[in-house]
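The values are calculated or read from the model by the stated rules, or taken from the named source; none is laboratory data. Remember, it's a predicted structure, so these values are computed and weren't measured experimentally. Note that each Cβ is placed from the backbone with ideal geometry, even for glycine, and that neighbours are counted across all protein chains shown. Keep in mind that these areas ignore ligands, DNA and RNA; they rest on the heavy atoms of the full protein, side chains included. Shrake-Rupley method; radii C 1.70, N 1.55, O 1.52, S 1.80 Å.
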Amino acid sequence: MNNNISDILNKNDLSKTDIIELLKADSVATAEIIKFAGKIKSENVGNKVYYRGLIEFSNKCRKDCLYCGIRASNVKTERYDLSDEEILAAANYAYLQNYASIVLQGGERNNAKFVSRISELIKKIKNLSNNNLGITLSLGEQSENVYREWFTNGAHRYLLRIESSDKDLYNKLHPNNNAHCYETRLEAIKTLKKIGFQTGTGVMIGTPFQTIENLANDLLFFKQYDIDMVGMGPYIEHTETPLYQFKDTLLPLKERFNLSIKMIAILRIMLKDINIAATTALQAIDPVGREKALKAGANIIMPNITPTQNRKNYLLYENKPCIDEQASDCNNCLEARIKMVGDSVAYGEWGDSVHFTKKGKNK
Ligand code: SAH
Ligand code: SF4
């Protein structure tokens, strides 16, 4: 056993230098870090995996993030917006499959019609499931009033990645205008927390210009902001985006993948009782990527329940997996894979972040 690594792992509080050392660990030391993170996971959140049925209901977006395949300026993407009936059918499928929660994700839009449509959908999803389905939203930056309206109508979790906690790097990944402002994004995360949402954030790993120190700071950022859930995964370049020109400066995909798994493991060691997602982008690089993430400390999986015909147009990045599959194709296969890594699916349980629940009790 590497003494230095095991000393770091056994510390109560990891410093930035410690985190950087862990992020730079070789493959032998990494195996040790992952094993340690797996133990922390079983002790603090158990070996259960919670499902969130993911409905990617529209790729229409007002924004132009420089990394994203569905950015407004990509005219090569065919735009779609599922009908209310299609969204409700997908939610009903998740309910019948006993998934317990869904995520409504889409491009960012903020007109009044969109806002009230989401409110109505939230109410209808609550209704069709006798109030049982938990609803997570991932619809970008909105005003405090809008977040409040959606919360009051029954959404209780929100995912808004900071993308990078470093302002300079954030600015290199986004156009330089008011619609893509680091401070606004940070304020939005704070507002979500204030309103009472279980708040999830995260970053992309292996973007152009990113350093190991940036990633260490991202992990410290999650701690400082007392985040309840984290979803992070590898950055995967998309040809129809401005950042594609930097593809030759990137780490090879496999290394981006390994770094992502290491980030998950270190995060689990630092924030023992939060929810951590095994994200789809991991599966885009390695067919068993999500299962490897579970081993390293993740405890949430978001099975895609978007109707098959729309999946090919929700390409945030290239090589996105399962775009030809139907929601039902995944059930048995996913459950068996999860069992293989020693976890079990917690059907019918909301799986709120233990961290969030404890905070409520301490209030
Ligand atoms: N519009 C919403 C939700 C959809 S995008 C929002 O931006 O919050 C969801 C996430 O996809 C983003 O937060 C981003 O981190 C991720 N993403 C976008 N393009 C990506 C790429 N090329 N590689 C990896 N992840 C990407
Ligand atoms: Fe739109 Fe989200 Fe993509 Fe940015 S990351 S362009 S907000 S869908």
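Please list 352, 7, 273 from largest to smallest accessible area, probe radius 1.4 Å, with all protein chains kept in place.
Sorted descending by solvent-accessible area, the residues read 7, 352, 273.
How much mean residue ellipticity at 222 nm does the chain get from its helices, if each DSSP H run of length 4 or more adds -39500 (n - 2.57) and you divide by all residues, to the nearest 500 deg cm²/dmol?
So the helix-based figure for the chain works out to -14000 deg cm²/dmol.
In the chain, what % of DSSP beta bridges are antiparallel (nearest 5)?
5
For the chain, modelled as a GNM with alpha-carbon contacts under 10 angstrom, which of 332, 98, 214 fluctuates the most?
Among 332, 98, 214, the largest mean-square fluctuation in the Gaussian network model of the chain belongs to 332.
Under the rule of at least 5 residues apart or a separate chain, name every residue whose amide H is placed under 5 Å from the amide H of residue 304.
Under 5 Å from the amide H of residue 304: 54.
Not counting ligands, DNA or RNA, and with a 1.4 Å probe, what is residue 152's accessible surface area in Å² rounded to the nearest 10?
Solvent-accessible area, nearest 10 Å²: 120 Å².
Which residue, 59, 171, 47, has the most motion in a Gaussian network model of the chain that connects Cα atoms within less than 10 Å?
171
How much accessible area per residue does the range 3-362 have, in Å², with a 1.4 Å probe?
Value returned for the range 3-362: 41 Å² of accessible area per residue.
Sorting 344, 138 by accessible area (1.4 Å probe), largest first, what list results?
Descending accessible area places them as 344, 138.
Anyone know which of 263, 229, 340 comes out most mobile in the 10 Å Cα GNM of the chain?
Its mean-square fluctuation being the largest, the pick is 340.
Would you mind giving the three semi-axes, in whole Å and largest first, of the ellipsoid equivalent to the range 175-332 according to its Cα gyration tensor?
Listed largest to smallest, the semi-axes of the range 175-332 are 24, 21, 18 Å.
Of 73, 137, 260, which is farthest towards the positive pole of the range 3-362's charge dipole, taken about the Cα centre with +1 and -1 on the beta-carbons of Lys, Arg and Asp, Glu respectively?
137
Cross-link list 48/262; 193/223; 193/358; 223/254; 167/272; 272/292: which exceed 23 angstrom alpha carbon to alpha carbon?
Check vs 23 Å cut-off fails for 223/254; 167/272.
Which value, in Å² and to the nearest 10, is the accessible area of residue 6 when all protein chains are kept and the probe is 1.4 Å?
Approximately 20 Å² of residue 6 is accessible to the 1.4 Å probe.
What Cys residues in the chain have no fellow cysteine's beta-carbon under 4.7 angstrom?
So far as the 4.7 Å Cβ criterion goes, 61, 181, 322, 330, 333 stand without a partner in the chain.
Based on Cα positions only, what radius of gyration and what Dmax would you give for the chain, in angstroms?
19.2, 59
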